[in-house]
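Novice: Could you have a look at this structure, given as structure tokens, before my questions?
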Amino acid sequence: MPSHGFAPIADANARVLILGSLPGRVSLEMRQYYAQPRNAFWPIMGRLLGFDSAMPYDTRAVQLQRGRVALWDVCASADRAGSLDTAIVNSSVRPNDFAAFFSKYAGIATVFFNGTKSAMLYRSLVMPHLALAHQQLHYVTLPSTSPAHAAMNMAEKVRRWSIVKRACAIQ
């Protein structure tokens, strides 16, 4: 049975889009992006945008929007056993409608991938079908915030992810 993703967190002021691959088991159960307690996404974004990552989920989502950050996943649905990106069955992926998304949120200039799997899926399944203007957005692959990506410590992840804050500020 396929897993299904969530609607984006976005508003008209968004300047950057952060893309994951597909919500994991805990996120699906809680109906929240990055709900796995050991995932570093919310602590990193809290440090970069100046909010408490322990705040209620809805408040954190508002803080992303205030920071001009949109959040979504490449996959609208896909088959996956468990929560690891490596378990996503590529042939089962149904991508989200990015043409409609970029039309609605036309201010987005930079897309950040939360890990290599989201970048690979986007580049192979989404980008070939986008208008040229959307293919020419600035794309950056960041280290995954997943606890499965433990090879990099938190300080280094924050350093590498700080480009998100700079992208929000200069656009």
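The values are calculated or read from the model by the stated rules, or taken from the named source; none is laboratory data. Since this is a predicted model, take the numbers as computed values, not measurements. All Cβ positions, even for glycine, are placed from backbone atoms using ideal geometry, and neighbour counts span all protein chains on display. Note: areas computed on protein heavy atoms with side chains; ligands, DNA, RNA excluded. Shrake-Rupley method; radii C 1.70, N 1.55, O 1.52, S 1.80 Å.
Novice: Test Q32 against the criterion of being closer than 17 Å to A10 by Cα, touching a Phe, Trp or Tyr at 6+ places or on another chain (Cβ under 6 Å) and in a helix (DSSP H, G or I), and give yes or no.
Specialist: no
Novice: So R60 ticks every box in (1) touching a residue at least 60 places away in the same chain (Cβ under 8 Å); (2) under 19 Å from C168 (Cβ atoms); (3) out of contact with any Lys or Arg (no Cβ under 9 Å at 6 or more places or on another chain) but one. Which box is left unticked?
Specialist: Looking at each condition in turn, R60 falls short on (1).
Novice: Within the bounds of region 29-36, is there any residue that is open to solvent by 40 Å² or more (accessible area, probe 1.4 Å), farther than 20 Å from M120 by Cβ and touching a strand residue (DSSP E or B) at 6+ places or on another chain (Cβ under 9 Å)?
Specialist: no
Novice: While we're on this one: Every residue in region 51-107 that is crowded, with 18+ Cβ neighbours inside 10 Å, in a loop (DSSP other than H, G, I, E, B), at pLDDT 95 or above and hydrophobic (A, V, I, L, M, F, W, C), please.
Specialist: Result: F51, single match.
Novice: Ok, one more. From the list Y139, Y122, which one is under 24 Å from A78 (Cα atoms), open to solvent by less than 50 Å² (accessible area, probe 1.4 Å) and either free of Cβ contacts under 8 Å to residues at least 12 places away in the same chain or not in a helix (DSSP H, G or I) (or both)?
Specialist: None of the other options fit; the residue is Y139.
Novice: Taking the condition under 22 Å from Y33 (Cα atoms) and at pLDDT below 95, does N114 pass?
Specialist: The answer is no for N114.
Novice: If you check Y139, Y105, which single one turns out to be touching a Phe, Trp or Tyr at 6+ places or on another chain (Cβ under 9 Å) and farther than 16 Å from L48 by Cβ?
Specialist: From the options Y139, Y105, the qualifying one is Y139.
Novice: From the set of residues in region 12-41 that are touching a residue at least 60 places away in the same chain (Cβ under 8 Å) and hydroxyl-bearing (S, T, Y), which is farthest from S92 (Cα to Cα)?
Specialist: Y34
Novice: Quick one: is V111 open to solvent by less than 10 Å² (accessible area, probe 1.4 Å) and either under 18 Å from P2 (Cα atoms) or not in a loop (DSSP other than H, G, I, E, B) (or both)?
Specialist: yes
Novice: Now, a different point. Condition first: free of Cβ contacts under 8 Å to residues at least 60 places away in the same chain and exposed (fewer than 15 other Cβ atoms within 10 Å of the Cβ). Now tell me which residues in region 142-159 satisfy that.
Specialist: Matches in region 142-159: A150, A151, M152, N153, A155, E156, R159.
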